[in-house]
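For reference, the structure discussed in these notes is given below.
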Amino acid sequence: FIAVENIDSYCVLISSKAVYFLKSGDYTDREAIFLEVKYDDLYHCLVSKDHGNVYIQLTKKAVNKSSGVAMPGPSQQKPMV
């Protein structure tokens, strides 16, 4: 565990292995997590501002479908929170 940041209707939990985006409210266990990005799977992180809002775009590493191995380039998975 490193830090927790409350943002509007969700919370960001940063650990030494991953970043977790959680729904606010009374949840138990992992049901509050709506996005989990492990650092081993992260290729790039971009922060941008638009009309007073701040967005974080997380680009995950590409995965070779046949071998299941993470490749060192970007994939099509780019969740933006």
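The values are calculated or read from the model by the stated rules, or taken from the named source; none is laboratory data. Fair warning: this is a prediction, and the values are worked out from it, not measured in the lab. Side chains are part of the model used for accessible areas, which takes the heavy atoms of the whole protein and leaves out ligands, DNA and RNA. Shrake-Rupley method; radii C 1.70, N 1.55, O 1.52, S 1.80 Å.
For segment 43-50, the criterion of being of a type in the set (Asp, Glu) and over 16 Å from the mean Cα position of the chain (by Cα) is met by at least one residue. Within segment 29-58, the set of residues being within 19 Å of residue 3 (Cα to Cα), open to solvent by 80 Å² or more (accessible area, probe 1.4 Å) and among the hydroxyl-bearing types (Ser, Thr, Tyr) comprises just one member, 39. Mind checking which residues of segment 1-28 are open to solvent by less than 90 Å² (accessible area, probe 1.4 Å) and outside any strand (DSSP E or B)? Passing the criteria: 9, 15, 16, 24, 25, 28.
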